[in-house]
Amino acid sequence: MKRTHAAIFLAGLTIIPTANAIEIYKDETNSVTFGGFIDARVINTQGETEIVNGASRINFDFKRQLKNGWQAFALLEWGVNPVGSTDIIYNNRFESIQDEFLYNRLGYVGLKHDDYGQVTIGKQWGAWYDVVYNTNYSLVWDGNAAGVYTYNKDDGAVNGTGRGDKVLQYRNTWGKFHVALQAQLKSDDFYTCDIADISRSSCELLFEQGNPAAQNVEFNSTYGAAVTYRATDNLKFTAGINRGEFDIVYADGRDQLVTDLIYGVGITYGDFYKLGWYASANINKNENHDTDNLGRLIKDAVGLESILSYRFDNDIRTFVAYNVFDAGDDYVIQPNFNADPQDVFKRQFAVVGAHYFMSDDTILYIEARKDFSDFSSNNAEQEAQMSQTEDDGIAIGFNYTL
């Protein structure tokens, strides 16, 4: 029973099933499989229609049987851009604007044992993702309210809630409980300025000159934990937390220690890839964990994601999703020279979609987004910039799993 629950849980951490990965080598000790998917879509949003990449990726999965029930394994995954570079910005930004044909998504090595659990080191999905990934099934408009893709829809690498960099992680399953513990051991040192479109070198120079618009930020290690309780084969509950700290030194010498914190719970019914009903929702409270659409740090916010889906016998899956990330007003850490105390940041949208399974690993889909966001500001230019990356849209695409 333990091994079955663990296998089901870990398989669910990938958005697209990898059961059809191609085995390219196998002997009594070692195996290597090749997987991933290619996704391309036509999208209309923000007054433009364009062909864009849909988070396509390829990966190699390595396994080696060791003594006494141990197994060593490794995974290398790269994002690929099969349609060429694109300038369009939509609510999956971190996947769609890559100029490189090949870029790093995941890479880790580990050891695992049926009784003692598994330990992994490298760039990998954070423990926090266990709490919220069950709502992240729109192929086009990923949820950006769950605190995963932080810092203006990036991949969550900096604070370890998404595809975290430099993560040490432990996982194990006891009965109906699965536990994930992690430490992100790193030290990032960078400059930030309250000036639009400024280069790193220019920002650093302003800091050295004592300009009050410049700050030096040191973002160090983060820590996270998550637990999943599988109450029945169809019902599970999740909960977790992720915490880090960063030190802001202002050009005038002032020093501010800031805590990056997110915690929340989730509930899921059913299996998104099986026939019938599927429903999931999660809610989180976060502090200094994300930025608004101008890159300004948000003091505190509440995020909620939800999805309801039904897969019919005719291989059509329909779904509706609703997401809201509400920072309210007076949400920007002071001092910030671009901040109006009355600025409002509320990212809110709904997505409806239909996926047609031409086979288990070949999907033709259409998805549409309706935006209800509120980015109010007394500064008309900033309000327009805030709203630029959030809009209604419709996309038609094709997903081919390798």
Query raised in the report: On the given criteria, is ASN323 in contact (Cβ under 8 Å) with a residue 40 or more places away in the chain and within 22 Å of ASP371 (Cα to Cα)?
Result: yes
Requested in this report: Could you run through the range 246-259 and say how many residues are among the β-branched types (Val, Ile, Thr) and either within 11 Å of HIS289 (Cα to Cα) or without any contact (Cβ under 8 Å) to a residue 24 or more places away in the chain (or both)?
Outcome: 2
Requested in this report: Those residues that are surrounded by fewer than 15 Cβ atoms within 10 Å (Cβ to Cβ) and among the polar types (S, T, N, Q), I need them from the range 361-375; list them, please.
Outcome: THR362
Report summary line: Considering the range 143-157, residues that are of a type in the set (Ser, Thr, Tyr) and at pLDDT below 90, and then whichever is surrounded by the most Cβ atoms within 10 Å (Cβ to Cβ), we arrive at THR150
**Report entry** Identity of the residue in the range 150-168, without any contact (Cβ under 8 Å) to a residue 60 or more places away in the chain and of a type outside the set (Asp, Glu), that ends up nearest to VAL131 (Cα to Cα)
**Finding:** GLY162
Query raised in the report: Hey, does the range 80-91 have a residue that's surrounded by 16 or more Cβ atoms within 10 Å (Cβ to Cβ), in contact with a Leu (Cβ under 9 Å, 6 or more places away or on another chain), of a type in the set (A, V, I, L, M) and at pLDDT 95 or above?
Result: no
Query - Residue satisfying condition, being touching a residue at least 24 places away in the same chain (Cβ under 8 Å), in a loop (DSSP other than H, G, I, E, B) and of a type outside the set (S, T, N, Q), within set GLY210, GLY224 - result: GLY210
Report summary line: In the range 158-180, anything among the hydrophobic types (A, V, I, L, M, F, W, C) and crowded, with 23+ Cβ neighbours inside 10 Å is listed as VAL167, ALA180
Query raised in the report: Does the range 388-395 contain any residue that is under 19 Å from LEU308 (Cβ atoms), not in a loop (DSSP other than H, G, I, E, B) and not polar (S, T, N, Q)?
Result: no
Report task. Would you be able to say whether some residue in the range 231-245 is over 23 Å from ASN134 (Cα atoms) and touching an Asp or Glu at 6+ places or on another chain (Cβ under 8 Å)? Result -> yes
**Report entry** Identity of the residue in the range 19-46, without any contact (Cβ under 8 Å) to a residue 60 or more places away in the chain and not hydroxyl-bearing (Ser, Thr, Tyr), that ends up nearest to ALA395 (Cα to Cα)
**Finding:** ALA19
Query raised in the report: In the range 279-317, which residues are closer than 18 Å to TYR133 by Cα and hydrophobic (A, V, I, L, M, F, W, C)?
Result: ALA279, ALA281, ILE283, VAL302, LEU304, ILE307, LEU308
Report task. Of the numbered conditions (1) under 30 Å from ASP391 (Cα atoms); (2) buried (at least 17 other Cβ atoms within 10 Å of the Cβ); (3) at pLDDT 95 or above, VAL42 fails exactly one; give the number of that condition. Result -> (2)
Query - Criterion (surrounded by fewer than 21 Cβ atoms within 10 Å (Cβ to Cβ), touching a Phe, Trp or Tyr at 6+ places or on another chain (Cβ under 8 Å) and farther than 22 Å from ARG41 by Cα) met by exactly one of GLN342, GLN385, GLN348 - result: GLN348
Query raised in the report: Among the residues of the range 184-197, how many are surrounded by fewer than 17 Cβ atoms within 10 Å (Cβ to Cβ) and over 30 Å from GLN169 (Cβ atoms)?
Result: 3
Report task. Considering only residues that are of a type in the set (Gly, Ala, Ser) and under 23 Å from the mean Cα position of the chain (by Cα), look in the range 222-269 and name the one that is surrounded by the fewest Cβ atoms within 10 Å (Cβ to Cβ). Result -> ALA239
Requested in this report: Could you grab the pairs with beta carbons closer than 8 Å, sequence gap of 6+ or different chains, first residue in the range 260-275 and of a type in the set (Lys, Arg), second one at pLDDT 95 or above and part of a strand (DSSP E or B)?
Outcome: LYS274/ARG311
Query raised in the report: PHE345: farther than 18 Å from TYR137 by Cα and modelled with pLDDT of 85 or more, yes or no?
Result: yes
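The values are calculated or read from the model by the stated rules, or taken from the named source; none is laboratory data. The structure presented is a predicted model; accordingly, all values stated were derived computationally and were not measured. Ideal geometry is used to build each Cβ from the backbone, glycine not excepted, and the neighbour counts take in all protein chains shown.
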